[in-house]
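What follows is calculated from the coordinates using simple rules that are stated; it is not laboratory data. The structure displayed is predicted, hence computed values, not measured ones. Note that we place each Cβ from the backbone using ideal geometry, even for glycine, and neighbour counts take in every protein chain shown.
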Amino acid sequence: MKKITSFLSLALFVSFLLTGCSGSQQPKVTENVYPVIPKPVKMEPQKGRFLFTGDTRIIYYPGNDELQDIGEFLSGLVSRPVDFTVAVMPADENVSEPNTVFFSLDTTLDLNDEGYLLNIDTRAIEIKAKTPQGIFYGVQTLRQLLPPQVEGQAKMDAAALSVPCVKIEDQPRFAYRGLHLDVGRHFFSKDFILRYLDLMALYKYNTFHWHLTEDQGWRIEIKKYPELTKVGSCRKETLVGHWGGKKKYEYDGKEYCGYYTQEDVKEVVAHAKDLYITVIPEIEMPGHSLAALASYPQLGCTGGPYEVATHWGVFKDIYCAGNDSTFKFLEDVLTEVMELFPSHYIHIGGDEAPKDRWKKCPKCQARIKAEGLKDEEELQSYFISRIEKFLNAHGRDIIGWDEILQGGLAPHATVMSWRGIKGGIAAAKMHHDVIMTPGSYCYFDHYQADPKKEPLAIGGYLPLEKVYSYEPVPKELSPEEQKYILGAQGNVWTEYMATPDYVEYMVYPRACALAEVDWTPAGEKDYDDFQQRLKGNLEHLKAMGVNYRPLGNDEKTMKK
Ligand code: ACM
Ligand code: ZN
């Protein structure tokens with residue numbers, strides 16, 4: 001049976017070679033479409049299509065396990081829906097052969113380390129890059145050119161397993177291309193996180209910012225402090241409906257729990273690595289820490305008791321900055337975190353930390369005096385700088401939300417600018433690296449259309465086109481200062497997203513638009529063209545069962 005299959009495949013291939021692009025089962029040349037997102041830097045459509053058959057081989061520059069893994073990934077994708085398996089093998093020579101997909105590494109290419117060249121002709125496919133990561137991105141582009149059925153569960157007609165011929169030269173604009181997920185307000189299973197990463201990889205995101213600790217839940221197992229998950233990972237109930245503007249609040253009366261074991265975390269980090277995604281963990285301090293304080297009340301200024309939060313907002317109880325045991329605790333936690341996450345950066349939060357308790361706390365006031373600090377803002381700066389010093393000593397750098405600018409920026413900190421772009425501008429002018437996540441363009445918890453017609457969200461209005469229009473480099477910066485803008489990130493706060501389906505609804509297709517902001521040169525962006533590509537591209541997400549928001553109907557008619 002195998003022989004017959006391979007004979008048929010060979011016959012099909014020979015007939016394809018003979019008929020080329022005008023073969024009877026092939027779509028017409030004029031039908032070639034290229035639904036690639038983010039848009040490649042240079043893309044030259046060509047005539048004809050390359051057809052995968054049972055004789056197609058994926059061959060790779062020998063001696064590189066990563067290339068073999070990428071080959072297996074591609075083979076799995078194209079083989080699953082048909083009755084043959086595309087073989088993966090090392091190349092005999094550094095040249096492509098007929099009916100192959102050839103991965104080759106060339107460090108002399110005039111591209112950055114994440115760039116690639118993809119050449120599809122009717123005879124063969126070649127992907128060249130300086131690094132395996134570049135090859136991986138070439139494969140993601142190839143994946144988007146394949147029929148969407150490759151992403152689904154059903155079988156397909158092998159005669160349709162083809163890609164349009166094209167010449168692509170591509171590389172990212174920004175080195176940091178991020179997507180965030182808050183698992184504190186709502187917890188999402190490890191399997192959902194793995195899927196979140198898979199989708200990110202399809203759009204060439206390279207950083208996952210995992211917001212792991214919150215007032216409403218501590219979500220990561222820390223062996224030295226078991227109460228964090230025993231107590232801190234559960235809240236007794238959850239607010240029903242919207243938090244804002246109510247006289248009386250309603251709660252659901254249901255306990256809500258969840259956390260990732262260290263084994264879960266290792267699996268997520270390993271899967272991300274396979275997808276060339278760095279996972280940056282966020283351990284919030286000094287604010288958004290009620291779940292930690294509920295677990296270890298001695299870490300707060302008043303000594304508690306505290307309760308894991310059951311509603312949303314900003315809470316006055318934060319870590320005590322006058323207490324040395326706070327720093328011991330955080331250093332111990334960060335030590336375990338560093339063992340789990342190889343990322344160069346550790347995000348330490350820093351946002352929304354009211355100073356009410358510090359103002360009244362004798363220990364915090366004594367710290368201000370002893371350190372010669374001016375006020376509580378400088379005490380926050382002392383707090384963050386002390387943690388930075390600890391992480392720097394372990395070879396890591398911190399990222400903090402833009403509030404860390406107040407009271408003086410820690411010497412090596414990277415700033416995540418979320419309250420608009422001012423924080424980003426200020427940090428770049430001080431020659432600190434910056435990641436842009438301004439709420440008005442990058443907050444995927446905002447409404448995508450008229451709130452009257454949408455599921456409940458936190459507020460705001462961020463339709464697809466507005467995400468697409470975002471320019472991460474503020475014009476206020478000089479060319480020298482612009483270099484400190486590492487890239488942009490989409491933030492996904494989950495107060496009002498209780499299910500994976502709803503997260504996908506809020507993230508896609510806005511994350512497709514932001515992927516293009518991060519990757520494509522500003523001058524190459526074109527919203528009409530993006531929309532055309534998106535239509536075909538979304539068919540891939542549909543095949544994967546992603547609950548993306550359908551296009552259109554995103555006007556906001558309601559007054560603000
Ligand atoms: C934030 O949105 N509080 C960073
Ligand atoms: Zn205190």
Can you list the lysines whose alpha carbon is less than 20 Å from that of K190, not counting same-chain residues fewer than 8 positions off?
K223, K230, K266, K273
Going by C-beta contacts inside 10 Å, put M430, M200, M338, M436 in order with the fewest on the left.
M430, M338, M200, M436
What share of Cα pairs, in percent, lie more than 14 angstrom apart in the range 506-560?
61 percent
Assuming a viscosity of 1.002 mPa s and a temperature of 20 °C, what translational diffusion coefficient in µm² per second does Stokes-Einstein assign to the range 22-133, Rh being the Kirkwood radius over Cα pairs?
142 µm²/s
Report, to one decimal in Å, the Kirkwood hydrodynamic radius for the range 245-403 based on all distinct Cα pairs.
17.1 Å
Antiparallel DSSP beta bridges within the chain, percent to nearest 5
35 percent
Given the DSSP H assignment, sum -39500 (n - 2.57) over each helix run of at least 4 residues in the chain and divide by its residue total; what's the result at 222 nm in deg cm²/dmol, nearest 500?
-10000 deg cm²/dmol
How big is Rg to Rh over the range 61-102, alpha-carbon atoms, Rh as the Kirkwood inverse-mean-distance radius?
0.98
What are the extents of the Cα atoms of the range 404-460 along their three principal axes, listed from largest to smallest and rounded to whole Å?
46, 16, 14
Do the alpha carbons of any pairs in K130/K525; K224/K429; K360/K483 sit beyond 30 Å of each other, and which pairs?
K224/K429; K360/K483
Volume per residue that the Cα convex hull of the chain spans, once the total is divided by residue count, Å³
167 Å³
Please identify the trypsin sites (Lys or Arg not before Pro) of the range 254-318 that satisfy two criteria: DSSP loop assignment and at most 10 other Cβ atoms within 10 Å. Which are they?
K254
Counting other C-beta atoms within 10 Å, which of D215, D274, D182, D121 has the fewest, and how do the rest follow?
D274, D121, D182, D215
Could you please rank C442, C165, placing first whichever residue has the fewest other Cβ atoms within 10 Å of its Cβ?
C165, C442
Can you pull the Kirkwood radius for the range 98-236, inverse mean 1/r over Cα pairs, to one decimal in Å?
18.0 Å
Specify the inter-centroid distance of the range 327-381 and the range 39-97, based on alpha-carbon positions, in whole Å.
50 Å
The chain - percent relative contact order, Cα under 8 Å, separation 6 or more:
14 percent
Tell me, Kirkwood radius of the range 240-285 from alpha-carbon pair distances, in Å?
14.4 Å
Along principal axes, Cα extents of the range 252-331, largest first, whole Å:
45, 37, 21
By its C-alpha gyration tensor, with a ≥ b ≥ c as the square roots of the eigenvalues, how is the range 166-322 shaped: rounded for a/c under 1.5, else prolate for a/b larger than b/c, else oblate?
prolate
Taking N as the number of residues in the range 422-560, what is its Cα Rg relative to 2.2 N^0.38 Å?
1.11
In nm, to one decimal, how far is the modelled label at T302 from the one at L194, with both set 7 Å along Cα→Cβ?
4.3 nm
Which of rounded, prolate, oblate describes the range 397-502, given a ≥ b ≥ c as roots of the alpha-carbon gyration tensor eigenvalues and a/c under 1.5 marking rounded, otherwise prolate only if a/b is larger than b/c?
prolate
Quick one: what does P(r) look like for the range 329-485 with 5 Å bins over all Cα pairs, in whole %?
2, 9, 15, 15, 16, 15, 13, 9, 5, 2, 0, 0
With label points built 7 Å along Cα→Cβ from the Cα atoms of D332 and Y527, find their separation and express it in nm.
5.3 nm
Divide, for the range 298-350, the radius of gyration over alpha carbons by 2.2 N^0.38 Å, where N is the residue count.
1.35
